[in-house]
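Please read the structure below before turning to the comments.
Each reported figure results from applying straightforward, stated rules to the coordinates on display, with no laboratory input. Computed from a predicted structure; not experimentally measured. Neighbour counts are summed over all protein chains in view; Cβ atoms, including those assigned to glycine, are modelled from backbone coordinates with ideal geometry.
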Amino acid sequence: MQVKKAYVADLKALHAECGSNYLRLTRILGKVEAGDSFAFPLAGNQGHFGTLLLEVVECAPYTTMVTVAQTGVLDHIIDSPRMSVHLYHDVRMAEVTDFQRQRHFSGRNRYPNPRMHQPDEKLQINRFLGEWLTHAQAFGQADVPELP
């Protein structure tokens, strides 16, 4: 009989992803105030395929809360991705705190579970934000400096 090993959260990977996302967002947003919003049209070889929307919900001395969403050609069929991200300026990290109206992601989930979250759901959602921002930077119609 083979015993399944328990999942151990990879904190280094999560912190690295949150740090990279902080850099991506601060390069895109620059200096912001609550209420600021940005729309970046996204286009590729096949033409326009959506718009990345960033809205600064709240600014405090050590944190900024941003809503990240995307509109696209399939909005009438499926829900577009939407998330809330907290930027922690003192530690230079950005963490997804709400994704598709779900909150409080555990760093480690038992699997299977009633909501069918993956064992590393929190890391995967933060990776998705990084991939999303990188894609938007590559295909967006905005002057955003690339990460080294």
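The table that follows gives values for the structure above.
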{"quantity": "Difference of contour (0.36 nm per residue) and Cα-Cα distance, His76 to Asp90", "calculated": "1.0 nm"}
{"quantity": "Label-point gap, in nm, between Lys12 and Val57 - each point 7 angstrom along Cα→Cβ", "calculated": "3.3"}
{"quantity": "For the range 14-54, Kirkwood radius (reciprocal of mean inverse C-alpha pair distance, Å)", "calculated": "12.1"}
{"quantity": "Label-to-label distance, nm, for residues given as Thr134 and His48 (7 Å Cα→Cβ offset)", "calculated": "2.8"}
